[in-house]
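All of the numbers you see were taken from the coordinates with simple rules; none came from a lab. Treat the numbers as computed from the prediction; the structure is a model and nothing was measured. Cβ placement follows ideal geometry from the backbone for every residue including glycine, while neighbour counts extend to all protein chains displayed.
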Amino acid sequence: VGFEDKLPTANVDIAREIIQILGLPVPQEIVGRGLMEARRNLSDKPSTEVRSQILEASRDFSDGRWKQTFQVSRYLTAEYIDERNGSFTKK
């Protein structure tokens, strides 16, 4: 039996979570956030909403244009770059 956590999560969060589970002090240089939200009562809602923004960038080259898009999700003080796509269009 399991559940799906809808909050953004990345590999960077795992170190902080393990340190917290072990009850050790979290060094200041550790980035990411603990995943306590996923372990609490499932009927609870997050106290802060997740904000997302899609960013685009493009660059013209002599033979075409490169366009990159990605989504940035922000939760509390953490920012997550979600997978998106890039494409090259020939002239």
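Take each of the peptides 76-86, 51-61, average the number of other beta-carbon atoms within 10 Å over its residues, and list them starting from the highest.
76-86, 51-61
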Signed unit charges on C-beta, dipole axis of segment 12-90, positive-most listed residue Q53, G23, L35: Q53
Need the full-extension length gain, R65 to R84, defined as separation in residues times 0.36 nm minus the C-alpha distance. One decimal, nm. 5.1 nm
Please give every one of the aspartates and glutamates within straight-line cross-link reach of K90, meaning a C-alpha to C-alpha distance under 14 Å, and leave out same-chain neighbours fewer than 8 residues apart. D60, D63
What does the highest-first list of 19-26, 68-75 look like by mean Cβ count within 10 Å? 68-75, 19-26
